[in-house]
Amino acid sequence: MIKLFKGMKKYKFQVVLVFVFTFMKVLAELMLPTLMADIVNIGIRNEDIAFIMKTGVVMLGIALAGTGSDILKAYLSARVSMSFVTDLRRKLFTKVQSLSPGEFDETGTSSLITRTTNDVTQIQNLSIMGLRMMIRAPLMAIGGVIMAVSKNPGLSTLILTVVLVLAALIGIVASITIPLFKKMQTKVDNLNRVLRERLTGIRVIRAFNRTAYERDRFTEANGDLTDNALKVNRIMASMFPMIILLMNFTTIAIVWRGAGSIDVGILEIGDMMAFIQYATMILFALVMMTMMFTMIPRASASAVRINEILDMETAITDPDDAKTPDEKRGLLEFRNVCFKYEGAEENALENISFKAMPGEVTGIIGSTGSGKSTLINMIPRFFDPCDGSIFVDGTDIREMTQRDLRNRIGLVPQKAVLFTGSVRDNIIFGDKTIDEDRLMVSAAVSQSEEFIDTLSDGYNFQISQGGTNLSGGQKQRLSIARALAGRKEIYIFDDSFSALDFKTDAALRRALKKDTEDSTVIIVTQRVNTIMDADNIIVLEKGRLAGMGKHRELMKDNQVYRDIVLSQMSEEESA
Ligand code: ADP
Ligand code: MG
């Protein structure tokens, strides 16, 4: 946690100011009872009215100065903690953005969200409370003791007793609540996970009639959190009346013992009143410190979770002296590439070598799980190979910046992802400067035009979160348009025609051919139809290269390919 708070260094000056203002406020609070005592003592003897007036004015001045410092302190400490926490959130977000998909999956989306929101809020609460109280409480306690003892050493033993009682009380309460506070954070995480799964899977849950089961699961997680929170709050709530009771008893005890001293003339009434106020201040300061300490375990649990993210090392980084290929053609080459997923037993890709030429269509075919998407995801460096290299225009992609590399690639992922916003925003997603002509062409080529025209607002039609107001095929076509709009050297279509009917599929590929004439086009599919006339077909089986060549050649001498083809069409159709 200390490591996290190092981020506060930036606000050193403001923190120092907070300390100074706190000091002034405490000083004012400590001076007031003594001045009041003077007034009472003199007033009772009805002596010096002028002195009373003068002291009154001084008290007023001190009170005003104290309040002023308090306001400034509150303002500054809120500002410092908010800026500190904003920095922290930004750092977290940047980190999360830099993680590779594999590293991303390791932590899980809902946990990443909880960490950036809820956990950061815990840190924020502690930093505000810390700035407000950490200095104030000890200063008040120590100052209170000094002033009380100077007023009357005899009564001070009484304060000592009360402090010990209070410390014991706080100790008991803390030992019960701290573990409960610690548990709270994992319970919140749990609740978020259940809620998220439930919301994202709502259709499936309904379809399988699991609503009641899922509701119970949520109720359980929710109840669990509630129980915990109730327990903590009950204890904390009962603590305050006890402390007030203790304060009142202290006052009674002081008056009781003080009365005797006043009788024999060794204590003045004003001093006794001041003494009561100092005693209250000391107890109050102790309570403030306790509150701080109950927050620390909860915040430190959060700090650990935040640091886990900040400390993650991204495997995929830019080289120090990045190279840029001399040409911009889009020649892609895999040379003996291997890949293994984290924690997997076998390699997902084994010794893959091939070239994809500019101006040609390269088809990749294979059954589900044969490694097609894995292979595709290595081209924009979502993953790095464990062995072998990938070259674009003769340069190893690990020697290029990720930005440069990805600028050359138009990727249509297997699962179409659209963003909230208009159809237009989604198509020009990669580059806001894409002009209207190109927008129209990419819409036409991707066969999106026909359905965009039927939408109520055309290109301004608002897509809802996750693209739920479009069909699967419409989403796929828009994500194809998005990839085309940027005019790239390499286009990758990962099973992107699967949700299209055969007619649209054929029309799209015909239009695509014209539009991507000089580019390297890679089409991944399970449908033979889609790649039959490709310039080169790569056959994948269980992560290995099972064959490569044109349709006719492969039909003649590649059993894996023949099997795939004949499972989808007759011998005559495939000729
Ligand atoms: P395809 O796209 O050809 O259907 P994939 O490339 O998605 O196949 O998957 C290839 C293999 O890698 C499969 O056996 C799959 O189980 C495994 N795999 C895919 N993604 C992951 C992942 N994130 N972690 C571990 N294994 C994975
Ligand atoms: Mg796939």
**Report entry** Positive dipole terminus of the chain, leading residue within Phe451, Met31, Ile538 (C-beta point charges)
**Finding:** Met31
Requested in this report: Determine the principal axes of the Cα atoms in the chain, then give the extent along each, sorted from largest to smallest and rounded to whole angstroms.
Outcome: 122, 51, 49
Query raised in the report: What's the local net charge at Glu313, with K and R +1, D and E -1, over the other residues with C-beta under 11 Å away?
Result: -1
Report summary line: Most exposed to least, judged by fewest other Cβ atoms within 10 Å, Tyr278, Tyr75, Tyr561, Tyr11 sort to Tyr75, Tyr11, Tyr561, Tyr278
Query raised in the report: In what sequence do Glu436, Glu489 fall when counting other Cβ within 10 Å, fewest first?
Result: Glu436, Glu489
Query raised in the report: In angstroms, what radius of gyration and Dmax does region 332-574 have, counting Cα atoms only?
Result: 18.0, 53
Query raised in the report: What area, in nm² and to one decimal, does the C-alpha convex hull of region 376-482 cast on average over all directions?
Result: 7.7
Query raised in the report: How big is the shadow of the Cα convex hull of region 15-68, averaged over all directions, in nm²?
Result: 3.4
Requested in this report: Mind pulling the per residue volume of the convex hull built on the Cα atoms of region 271-327? Å³ is fine.
Outcome: 136
Query - Sorted by Cβ neighbour density within 10 Å, fewest at the top, the residues Leu470, Leu230 - result: Leu230, Leu470
Query - Using alpha carbons only: equivalent-ellipsoid semi-axes of region 444-548, gyration tensor based, whole Å - result: 27, 15, 13
Query raised in the report: If Lys and Arg each add +1 and Asp and Glu each add -1, what is the summed charge of the other residues whose beta carbon sits under 14 Å from the beta carbon of Gly66?
Result: +1
Query raised in the report: Averaged over all directions, how much area does the convex hull of the C-alpha atoms of region 2-310 cover when projected, in nm²?
Result: 20.1
Query raised in the report: Roughly speaking, what is the centre-to-centre gap between region 80-95 and region 1-77 when only Cα atoms are used, to the nearest Å?
Result: 32
Report task. Give the distance, in whole Å, between the Cα centre of region 487-548 and the Cα centre of region 286-300. Result -> 61
Query raised in the report: Considering only Ser110, Gly130, Leu411, whose Cα is most displaced toward the positive end of the charge dipole of the chain, charges sitting on Cβ of Lys, Arg (+1) and Asp, Glu (-1)?
Result: Gly130
Query - Dipole magnitude of region 194-283 about its Cα centre (Cβ charges: Lys, Arg +1; Asp, Glu -1), debye to nearest 20 - result: 880
Report summary line: The computed P(r) of region 122-207 puts the percent of Cα pairs beyond 19 Å at 68
Query raised in the report: Which Cα, out of Ala207, Thr324, Ile252, lies furthest along the positive dipole direction of the chain (beta carbon charges, K/R +1, D/E -1)?
Result: Ile252
Report task. Go from 0 up to the bin containing the longest alpha carbon distance in region 173-237, width 10 Å each, and give me the % of pairs per bin. Result -> 21, 40, 23, 13, 3
Query raised in the report: Size of the dipole of the chain about the Cα centre, Lys and Arg at +1 and Asp and Glu at -1 on the beta carbon, nothing else charged, in debye to 20?
Result: 1780
Query raised in the report: Dipole of region 457-575, Cα-centred, from +1 at each Lys and Arg C-beta and -1 at each Asp and Glu C-beta, to the nearest 20 debye?
Result: 260
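All of the numbers you see were taken from the coordinates with simple rules; none came from a lab. Values in this document were obtained by computation on a predicted structure and should not be read as measured data. So basically every Cβ, Gly included, is an ideal-geometry build from the backbone, and we count neighbours across all protein chains shown.
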